[in-house]
Structures are given as C-alpha cells and as structure tokens.
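Q: Below is one structure. I have some questions about it.
The values are calculated or read from the model by the stated rules, or taken from the named source; none is laboratory data. Here the structure is a predicted model, which means the values were calculated and not measured. Glycine also receives a Cβ, built like all others from the backbone with ideal geometry; neighbour counts cover every protein chain displayed.
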Amino acid sequence: MMNAPLAPAVKISGLEKSYGAYKVLHSISFSANQGEVVSILGASGSGKSTLLRCINMLEVPDAGEISIHGESYRLTQRSGFAPRVADPKQLLRLRSQATMVFQSFNLWSHLTILENLIEAPVHVQKRKRAECVAEAEALLERVGIADKRDFYPAHLSGGQQQRAAIARALAMRPKIMLFDEPTSALDPELVAEVLKVMRDLAAEGRTMLVVTHEMGFARDVSNRVLFLHKGLIEEDGHPEQVFSNPKSERFRQFISKHNA
Amino acid sequence: MIDLPFIYDAFVQLCSGIPLTLQLVAVSVASGAVLAIALAAMRLSSWPPLDLLARIYIFIFRGTPLLVQLYLIYYGLSQFPELRKTFLWPFLREAYWCAALALALNTAAYSAEIIRGGVLSVPAGQIEAARAYGMGGFTLIRRIIAPQALRQMLPGYSNEVILMVKSTALASTITMMEVTGLAAKLISATYRPVEIFIAAGAIYLLLNFIVSRLFKLFEYRLSAAQRQPLYRRAAGENA
C-alpha cells in the first residue's frame, strides 16, 4: 500500500486458540494496512471465523498479541485459567473501532432499524442522539433502505437485514470493519445486493477483513487473500497472484471445488 | 332455589373485602418480584453455589402447599423466642404481614423461573452483537436483554398474578377479612354457603378479568416488533 501509516490497522502476532484439546489456530501472524480489503478463505473448521472473532475479543486468544491501529489489547491471565481481557474500558474503545457484521445479522429484534443504528452510538459511545439519527438516516440512504427506517428487523428480507447490519456497523464510525461470512445465510438472489454495498465500501478505501465463501468477491474486490487451513495461513497474497498461481496444494483444491 | 337478590346483596357486602385482597396481591407481587429477580440472577449465575441456593429455595417453595407455608409462618415463627425480641416481631405477629410474606415467598419461587426463561429466550446472537458493539454489564441488560425478556415472560407472568389473586383467599384461614374471609363470616351468620360463594367467586372472576385485560394491553404495547406495520397491510404488500 502506498502511504501506509506507521501502525498497521490490524497486527496479529503469535495468535493461538484452542477449544479444549482441539487447537483451532496455530500461531497466526499477519498484519493488514489501512485501506486493505482482506478476504479470509478456508474450508469450514479452518479457523477463519475464530481468527476474525479474536480481533474484537469475542474470542479471547490463548496466546499472542493483537493490536488495532497500534494499540494492543491488554490481557491478563491467572495461572491455570484462560486469559481474560484486563481493561474493560480499552475493550470498549477497541471494539467500537473494529465493528463486526455477522452471518446471521443479529439485529436487535425489539428495536426498529433506525433504533438499531443509533443504539450503540448513543448508549456506548455517548454521542448526541440528534447527530446519530441524522448520520443513521444518511447511512440507511446509502445502503438503500431509507424507507425501512421505522420497520422492525422481522419485517425485512435477509438482504435488507444484512444491509441494515452493515449500516449499524458503519454508524459506530469504525476504523476497521470485520465481516463474518456476511452472505452465507442469504438466499442466492439476495447475495448481490449485500455484495454491492460491500464493494462500495471497499472502493471508498475502508479497511475490511472479510471471512467469505464468495470467490468472486475475494478475486475482484479484495486486494489481498488469506487462505487458512487447519489453523495455519497457507496462502497470503494479491488475489491475482494467489488465484492464478497458488503455492499451496490445499488452496488449489479449494478453488477448484469452488469453481473459482 | 337460587335467590338472586340475596346473591346481589352478598356481592355488595363482599365488595368491602376487595381493598384488602388487592392490597395483599400488590404487596406480595411487588416484593415477590424483587426477590424473584434476585433468585433468577442467582439461577443464571456462573457460580455454582449461588445457583444451588436458588434451586433449593425454588424446590422448597414450589414443592410445598402455600397453605402449609402460611401456617408455618403464622403459627410456627412465634415458637422462636429469639424472633420475638427482634424488630421483625411487630410485623410477624400480625396475620396481615404473615399472609403477605407467605404469598411473596411463594410467588418469588415461581416468578424466578419465569424470569429465567425470559432471559434465556433472548437470542444468543443478539447478545453477542451487543457485546461486539461495546455493551456489557448493566447497559446490556437494560437495553437488550430486559426488554426482550419482559415481552417473552408476560404471558407466563400474567398467569402467576392471576394465581396470586386467587391465593389470597387462603389468608382467610389466618383471620384475614378479605373477600373469602368476609364470605365465611357471612355464611356463619346466614347458613347460605351456595349463594355467598357464588358471589365471592364472581368477585374473583371480575378481578382476574381486569388483571388479564391489563396484561393483554401491556403485551400488545410491547409487541410492536412482532406485528405487521398497519400501512403495509393496508397497501396489500407482503412482508
């Protein structure tokens, strides 16, 4: 990247995570610069979602360091126990800088779409309500569901819900956006509308980490592809390079299976 | 022969017991709810001893008859001379407070499980999203969990309050002159139990009709998220 700032947007070193005896991530290290759109690919069980969830501490890693724009999560560990987040205030701050879009949208069902968008800005970031509403309305306009502002999530299609969820993530004014298989729960005809919104975000230079099965998105939109296999990064590079000339045999099999 | 004017007469007389019945309901439901929230929090806590304590409490108060609990409190507590010296005695020697206490302790056990069920019904993904957006602790409970849990538990809780209205009748066995107590007194004066119990039953029916209507209204107001928006239905559009 040109003009890459001194501190990368996300820096991960020596990340390890196990569930019981099963080791999901084996010492993962990589960093993503500001403005990079990184697609994280891998078969299910490869650890890609766990990796993403470690970045905002929905999963607390067993070992390793994660920093967001140069600020590392502070963790503490009593001997014999799993590590825990040491500083709740810092956690809150870093979480609002790296917001997540979930596979199953997870909009708050008792709030209208507009209320979903302003909920965290008003009650977590303590910003002024009027300002948040104005910003939320502009975001809904951007993702094309301005007319749904007073509807409840249950009254929207999956694609509309996911676009609302992306707007909710944007309403936090994040520095990084994390997408956890954002189109996997959608009917095929609804995938395109969500991908279009994501494409627009990428085009405007946002830092995005996207766990996805959409080979088209990985190839055409992202400017970097990571391929995970059994908790290790097996492939890392520009999509053109990795898709046309994969180093890893696993990745070769993976893309042929996905017709990419 | 059913004597309608007599039933009406009894109905009017028994109405003077309604304030006491309602008072017992209000005091015990309100204090029982506070205790129930604490018990539900204990049941949901990740610290096993707290959970166990709440389980034992609920097991005992759900597993024994309210009448037995009422008698044990009213007749049993005075057996402890130590208790007679504490500040609690002026309350506990009153039948009114014994009845309120028994009703409150009993409803707390049932309500705790209703609350727990409501909290567990909030989808895990929505709680996770709230955490991912920086919410935690009290903000998470107040903004995300409580509103949805409340909506879920209302039908079950309205049931519990209706049961409480009827349970106050047991207070008559420890000298309380609420609706049933008055009915018993009237029967011993007139020897006409059928008409008088019909009148008493009608009063409970009326009270519970009002209670269930209030809960229905409350439920309706809280379920906007489940309803179809009116103007869309009118436009014939599908959701």
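Q: What is the residue count in region A:138-171 for residues that are crowded, with 17+ Cβ neighbours inside 10 Å and in a loop (DSSP other than H, G, I, E, B)? Reasoning before the result, please.
A: Step one: of region A:138-171, the residues crowded, with 17+ Cβ neighbours inside 10 Å are A:139-140, A:143, A:145, A:148-149, A:151-153, A:155-156, A:158-171.
After this cut, where a residue has to be in a loop (DSSP other than H, G, I, E, B) as well, the list is A:143, A:145, A:149, A:151-152, A:156, A:171.
Looking only at that region, the number is 7.
Q: I need a count of the residues in region A:116-137 that are assigned to a helix (DSSP H, G or I) and either more than 8 Å from chain B (Cβ to nearest Cβ) or touching a His at 6+ places or on another chain (Cβ under 7 Å) (or both).
A: Count: 14.
Q: Would you check which residues across region B:120-138 are touching a Ser or Thr at 6+ places or on another chain (Cβ under 6 Å) and either closer than 13 Å to A:Ala120 by Cα or crowded, with 19+ Cβ neighbours inside 10 Å (or both) and list them?
A: Result: B:Gly134, single match.
Q: Name the helices (runs of 4 or more DSSP H) wholly inside region B:70-154 in which the number of residues that are within 23 Å of B:Ala30 (Cα to Cα) is 2 or more. Working first, answer last.
A: Working: elements: B:81-84, B:89-92, B:95-120, B:124-132, B:137-140.
Those helices (runs of 4 or more DSSP H) span B:89-92, B:95-120.
Here's the yes/no breakdown for (1) of a type in the set (Phe, Trp, Tyr); (2) over 19 Å from the mean Cα position of the chain (by Cα):
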residue: B:Leu77; (1), (2): no, yes
residue: B:Leu88; (1), (2): no, yes
residue: B:Ala108; (1), (2): no, no
residue: B:Ala129; (1), (2): no, yes
residue: B:Met135; (1), (2): no, yes
residue: B:Leu150; (1), (2): no, no
residue: B:Tyr157; (1), (2): yes, no
residue: B:Leu163; (1), (2): no, no
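Q: Go through (1) free of Cβ contacts under 8 Å to residues at least 12 places away in the same chain; (2) within 17 Å of A:Glu16 (Cβ to Cβ); (3) at the interface with chain B (Cβ under 10 Å from one of its Cβ atoms) one by one and return the number of the condition A:Thr76 breaks.
A: Status for A:Thr76: all satisfied but (3).
Q: Checking the conditions here, which among A:Leu58, A:Leu25, A:Leu75 is closer than 18 Å to B:Ala132 by Cβ and either buried (at least 22 other Cβ atoms within 10 Å of the Cβ) or in contact with a helix residue (DSSP H, G or I) (Cβ under 7 Å, 6 or more places away or on another chain) (or both)?
A: A:Leu58
Q: Right, another one. Scan the strands (runs of 3 or more DSSP E) fully inside region A:195-242 and keep the ones with 2 or more residues being surrounded by 21 or more Cβ atoms within 10 Å (Cβ to Cβ), more than 14 Å from the chain's Cα centre (by Cα) and without any contact (Cβ under 8 Å) to a residue 12 or more places away in the chain. Step through it out loud before you land on a result.
A: Numbers: elements: A:207-211, A:224-229, A:232-237.
Strands (runs of 3 or more DSSP E) meeting the threshold: none at all.
Q: Also, I was wondering about something else. Which residues, counting only those in region A:35-45, are surrounded by 15 or more Cβ atoms within 10 Å (Cβ to Cβ) and over 14 Å from the mean Cα position of the chain (by Cα)?
A: Scanning region A:35-45 gives A:Gly42, A:Ala43.
Q: Here's another thing I want to ask about it. I'd like to know if region A:198-208 contains one or more residues that are at pLDDT below 90 and at positive phi.
A: The answer is yes; a qualifying residue exists.
Q: Hey, could you check region A:243-260 for residues that are part of a helix (DSSP H, G or I) and not aromatic (Phe, Trp, Tyr) and say which is nearest to A:Thr50 (Cα to Cα)?
A: This residue is A:Arg250.
Q: Still on this structure: If the requirement is being more than 14 Å from chain A (Cβ to nearest Cβ) and within 30 Å of A:Val60 (Cβ to Cβ), which of these qualifies: B:Arg131, B:Arg142, B:Arg116?
A: B:Arg116
Q: May I pose another question? Evaluate the following for A:Glu135: is it of a type in the set (D, E, K, R) and under 20 Å from B:Gln126 (Cα atoms)?
A: When the stated conditions are applied, A:Glu135 does not pass them.
Q: Scanning region A:80-115 for residues that are free of Cβ contacts under 8 Å to residues at least 60 places away in the same chain and among the aromatic types (Phe, Trp, Tyr), which turns out farthest from the other protein chains (Cβ to nearest Cβ)?
A: A:Phe81
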